[in-house]
């Protein structure tokens, strides 16, 4: 659902009125902007065949989000610095198996206490 100038607090007030649109998506308003893109005719025909002319923007937005997410993940994976640092997880100092065993024992004790 697209509503022009809905007065939504999330809408970008920096945009002029003629360029400001708000989109209701999953119960949240998302500020959107109009843009002009150029696509090869064959690609546009394929998009229209999949989603129709009225579904182009939503389709392209979804694909763009997926690609941004994918590229961020690839950039993260290419970093030299490891994502996991032992200093951030002192509970695993004795090893993951020991930590899991401890967690299971604590859960078992809590379960027994609840059933008494």
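The values are calculated or read from the model by the stated rules, or taken from the named source; none is laboratory data. Keep in mind the model is a prediction, meaning the values are calculated, not measured. As a convention, Cβ positions derive from the backbone with ideal geometry for all residues, glycine included, and neighbour counts pool all protein chains shown.
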Please go through (1) part of a helix (DSSP H, G or I); (2) over 30 Å from residue 99 (Cα atoms) for residue 73 and return the number of the only condition it doesn't satisfy.
(2)
Residue 98 surrounded by 10 or more Cβ atoms within 10 Å (Cβ to Cβ) and modelled with pLDDT of 90 or more:
yes
Somewhere in region 77-91, is a residue under 24 Å from residue 30 (Cβ atoms), within 18 Å of the chain's Cα centre (by Cα) and without any contact (Cβ under 8 Å) to a residue 60 or more places away in the chain?
no
